[in-house]
Each structure stands twice: as structure tokens, then as C-alpha cells.
Amino acid sequence: MKNKHLVLLFIITLLIGLAVRRAPWRNDTFFQASLLRLDTAKVQQIQVTLPNQPVLFLLRGDTGWSAEQSDRSANVSADLTQKMLAALADMRSIRIVKTDRADTLGFTRANAIHITIVHGEAQKESLIIGWETVENKQAACYVQLPMHDGIYLVNNHLRNTFAKALSDFRNPTIAQFSPSDVRSFSLYRQNPDSIFFQKNDSTGRWESPAATQNYSSEQVNVWLSKIAGLHDLTFADLFDESHASESFYARINLIFESGVVPLTLSFYHFRPMNVPEEWPAKKPDPHQLAPFVLFSSQNPINYFAFSDTLLLRQIISPF
């Protein structure tokens, strides 16, 4: 080979090397593979830590999955847990990301979502979820694997799947019924005395054996509609149910058609003695400090903060 050809080959090689060094993809190494080898049937626990939130524990039990956070618990639907497990099992890397600025990818204390998976014989896998993005018009997300000491761009958006708190699993139901199905009701109050009314199917009016007056179906239906419309109330997690009997304010019992379970709504004062001994580290939601608390027999594991005192008077003293 002539010298001029060798020189030309050297120059071409040099130019290719310089181009590769300056190429924009140099910091991104292509590495497509499944990142977590999980047998989803053996996953016993998923721990989710969001910024400024207590750890959320998702636990597999004999009857299904449950969620626990700050000494409260709730059942978790099979569909939701299957979605989470599938996202972990199907997580594949698009490429390895080389960067000295992990904070720009969402891996800061204020943004990152930390996940720990316990499976098999108490084996653990952990990952940190950063920002979501789009790669080649496909959903993608930055993930850090501490055990691998690397950052990966992976398929699919993951933040919405795992950005959960206990409230996302708790049942917000207060009262589900149709006013037309109610056949009788009783109302127990501290003052005045208790009342009982039953619907007269012949006249359509509501009558009480102990009262001379009666009420039209329209009047009672307006009242029942206010009860059926109770929703979007904050969970009263600061209420200590062990003091419920001391804080009783009023109770409503609704009796329906034969075969339908009656509904009981109980109202309690929320006073300092009702506050648990250990306050949460985080400042409580002001709505949790409402003057009254509501309990529904249709949702027996939760209490609700009731702050609308005008509506409460209309419900407790309807006529």
C-alpha cells in the first residue's frame, strides 16, 4: 500500500474517531434487557416511599392484598396489584444513561419514588423512579437501580402506577341507598328526644306512633336525599374510636325493604380527648380537625370528618 493511501486511511480513521467522541449518543449506551427477574407469584411485599410521605406497605395475604400506612389499613383490589406486578416484571431497559446530573432526571429527594420488592426467601429488589419522558414516540421513564449502580431509560410510564397513598385504596362510601326504598327510620339525639317514623303505604305519609303530627313523602324524601348525598368527606384519622361512646351526638337508623341491610349513621363530637396520644409527624389536614365525626355502617372501618354544621343540623333536626 502506498504511503499516500496509508495517510488517507489514517485521516479517515481519525475523523471517524472524533465524530464518535462528539456524537450526542455517546452518553447513552444501548442495553435492552429485562431489569428485574421476578416471579410475581412469589412477591410478598411492595414498599412504596413517596416524597414527604410515610412508607406505604402493600402486603400479600391468604385472602388477597392489603395496604398499610401510618397504622391504618385497607384492602387492595386484585386488578391494581396485578398492574403493579406486571409493570415490574415487564420493565425493560431501552438504554443505559450516563450522566453526572441525576437530579435533572428526577432523582432528588423531593421527586424520586423509592420501591422495594420482597420476594422468595426474603430476597429484596429496589429501584428508584425518576421523571417520565417519551422515547421514539413511546412512553418511557428513568429508573435507578442501586444494586446495579446505574440509571436506565425503561419502557412505559411508571410514576402513576406506583405514586399511591393509603387513601387511594380506602373506601369513601358513606351512604348508598335510594330514598324510595326506605320504609321506616329512627333518630336518636341527646336533645330533643328520639323519634321514630314509618311510611303509611296507603296514604303515602310518614307517621309516628308517639307523635300527633305526620309528614308528607316529599318532606321526608328531601331529608333522605341530603343523607344519600353525603360524599367526598375527609377521613377522620385523628379520631380515637375508643372514646366514641363518650362523644356521642346523634344516630340515624334507616330501615329498607325486606332483605336489605339497615343503614346506621352515627355522629360524634370531635374533642381534644378524641385525639390519639401520638400525633402524626406531618402537620394534619385541617379538615381532619372538623368539629364532628361521622360513622357509617356501610363502611365500618373508617370515620369521616364532618365540618358542615349547618348541614348537620338539617340532618339531625329535619322537620
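The values are calculated or read from the model by the stated rules, or taken from the named source; none is laboratory data. Worth saying up front: this structure is predicted, and the values here are computed from it rather than measured. Cβ: placed from backbone, ideal geometry, glycine included. Neighbour counts: every protein chain shown. Surface accessibility is based on the protein's heavy atoms, side chains included, excluding ligands, DNA and RNA. Shrake-Rupley method; radii C 1.70, N 1.55, O 1.52, S 1.80 Å.
Results, tabulated for the structure shown:
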| read-out | value |
| --- | --- |
| SER167, sole failed condition from (1) open to solvent by 60 Å² or more (accessible area, probe 1.4 Å); (2) hydroxyl-bearing (Ser, Thr, Tyr); (3) free of Cβ contacts under 8 Å to residues at least 40 places away in the same chain | (3) |
| Candidate set from the stretch 196-206 (those that are open to solvent by 60 Å² or more (accessible area, probe 1.4 Å) and part of a strand (DSSP E or B)); member that is modelled with the lowest pLDDT | PHE196 |
| Matching residues in the stretch 104-134 - criterion: being among the acidic types (Asp, Glu) and over 14 Å from MET91 (Cβ atoms) | GLU121 |
| Unique match (being of a type outside the set (Gly, Ala, Ser), out of contact with any Cys (no Cβ under 9 Å at 6 or more places or on another chain) and surrounded by 12 or more Cβ atoms within 10 Å (Cβ to Cβ)) among ARG109, ARG92 | ARG92 |
| Every residue from the stretch 145-161 that is at positive phi and not charged (D, E, K, R) | ASN156 |
| The stretch 112-123, residues that are open to solvent by 40 Å² or more (accessible area, probe 1.4 Å) and under 24 Å from the mean Cα position of the chain (by Cα) | HIS114 |
| Near pairs, Cβ below 8 angstrom, 6+ apart or cross-chain, from the stretch 176-205 (within 17 Å of ILE227 (Cα to Cα) and among the basic types (Lys, Arg)) to any residue that is at pLDDT 90 or above and open to solvent by 90 Å² or more (accessible area, probe 1.4 Å) | ARG183/GLN198 |
| Tabulated pairs, the stretch 78-90, first more than 17 Å from LEU127 (Cα to Cα), second outside any helix (DSSP H, G or I) and open to solvent by less than 40 Å² (accessible area, probe 1.4 Å), C-beta under 6 angstrom, 6+ apart or interchain | THR81/TRP65 |
| Residue in the stretch 208-217 that is at pLDDT 90 or above and either surrounded by 12 or more Cβ atoms within 10 Å (Cβ to Cβ) or in contact with a strand residue (DSSP E or B) (Cβ under 8 Å, 6 or more places away or on another chain) (or both) present | no |
| Filter pass, ASN160 being among the polar types (S, T, N, Q), closer than 24 Å to ASP79 by Cα and open to solvent by 40 Å² or more (accessible area, probe 1.4 Å) | yes |
| Sole residue being open to solvent by 30 Å² or more (accessible area, probe 1.4 Å), at positive phi and out of contact with any strand residue (DSSP E or B) (no Cβ under 9 Å at 6 or more places or on another chain), chosen from ASP240, ASP193, ASP232 | ASP232 |
| Conditions (1) without any contact (Cβ under 8 Å) to a residue 24 or more places away in the chain; (2) in a loop (DSSP other than H, G, I, E, B); (3) open to solvent by 80 Å² or more (accessible area, probe 1.4 Å): number failed by SER245 | (2) |
| Qualifying residue in the stretch 52-65 (condition: under 24 Å from PRO172 (Cβ atoms), aromatic (Phe, Trp, Tyr) and open to solvent by 40 Å² or more (accessible area, probe 1.4 Å)) | yes |
| Index of the failed condition, ILE174 passing every other in (1) under 27 Å from the mean Cα position of the chain (by Cα); (2) within 24 Å of GLN298 (Cβ to Cβ); (3) assigned to a helix (DSSP H, G or I) | (3) |
| Residue tally, condition in contact with a Phe, Trp or Tyr (Cβ under 9 Å, 6 or more places away or on another chain) and farther than 16 Å from PHE295 by Cα, over the stretch 209-237 | 12 |
